Amino acid sequence: MALPFGYRLFLVIIVLFAIITVNSDKLVAIPFSILLSIVMYYYGTYYFGSIWEPAPMDKVRKMVSAVSVRNKTVYDLGSGDGRVIILAAKKGARAYGVEIDFLRYLLSLYKIRKAKSNAKVFLNSFFLADLREADVVFMHLQQETVWKLEDKFLKELKKGARVVSYIFRCRKLKLVKSMKKEQIYIYRIP
Ligand SMILES: C[S@@+](CC[C@H](N)C(=O)[O-])C[C@H]1O[C@@H](n2cnc3c(N)ncnc32)[C@H](O)[C@@H]1O
């Protein structure tokens with residue numbers, strides 16, 4: 001299987017870090033392992049579908065306000081620290097997040113609890129999530145992942161469901177609204 005260039009580069013960096021860490025004295029090894037953990041935390045999920053790069057809160061507010069979510073079933077695919085689902089739940093949605101990274105899953109549980117929100121998050125891959133009940137799907141992922149998910153959306157989502165993508169565009173779904181300045185794109189399932 002051909003790995004994308006970015007991922008190969010990432011693997012080389014990780015291996016280099018590991019070699020340096022193993023061959024260094026404690027003084028070098030400790031900062032290197034801290035750096036390695038940080039790199040892994042942000043970039044470790046690249047191959048599963050996306051690195052972690054939280055959407056700025058003003059963009060999250062725009063994404064959530066761009067569609068009506070009250071009394072709707074809403075999913076955020078790759079929900080990170082839960083910022084999208086917490087806001088959607090606050091606006092009256094039944095909000096669900098799907099997150100593959102265990103630490104971010106724990107972080108979102110903490111944030112949901114702190115916000116006294118009734119948003120829910122599942123530790124799972126969004127490729128395996130059942131989206132049949134969803135009225136609105138949010139995603140902030142990388143381009144290839146967005147394209148891969150489109151077939152799942154067309155197969156599982158109900159007619160009229162909305163897909164809101166931050167930054168990357170779909171190519172098979174019908175675009176109903178484009179907020180170019182904010183890089184928010186809204187699609188509807190035919
Ligand atoms: C760019 S971040 C977006 C986080 C959040 N939705 C936001 O907008 O702030 C992408 C998230 O997707 C998660 N992710 C990547 N691949 C995944 C997969 N296959 N299943 C579930 N989550 C995944 C990453 O761990 C990361 O937290």
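Things worth noting here:
- Looking at the range 17-105, the helices (runs of 4 or more DSSP H) lying wholly inside it that each contain 3 or more residues that are away from the ligand (no atom under 15 Å from the Cβ) sit at 26-43.
- Check on A134, away from the ligand (no atom under 14 Å from the Cβ), touching a residue at least 60 places away in the same chain (Cβ under 8 Å) and in contact with a Lys or Arg (Cβ under 9 Å, 6 or more places away or on another chain): yes
- Count of the range 147-190 residues which are touching a helix residue (DSSP H, G or I) at 6+ places or on another chain (Cβ under 9 Å) and part of a loop (DSSP other than H, G, I, E, B): 12
- Some residue of the range 44-62 being crowded, with 18+ Cβ neighbours inside 10 Å, in contact (Cβ under 8 Å) with a residue 24 or more places away in the chain and touching a Lys or Arg at 6+ places or on another chain (Cβ under 6 Å): yes
- Residue in the range 125-144 that is assigned to a loop (DSSP other than H, G, I, E, B), more than 14 Å from L77 (Cα to Cα) and in contact with a helix residue (DSSP H, G or I) (Cβ under 7 Å, 6 or more places away or on another chain) present: no
- Criterion (touching a residue at least 12 places away in the same chain (Cβ under 8 Å), small (G, A, S), surrounded by fewer than 21 Cβ atoms within 10 Å (Cβ to Cβ) and closer than 15 Å to V164 by Cα) met by exactly one of A66, A88, A95: A66
Every read-out reported here was derived from the displayed coordinates using simple, explicitly stated rules and does not represent laboratory data. Computed from a predicted structure; not experimentally measured. Because the Cβ atoms are built from the backbone with ideal geometry, glycine has one as well, and the counts that use them run over all protein chains shown.
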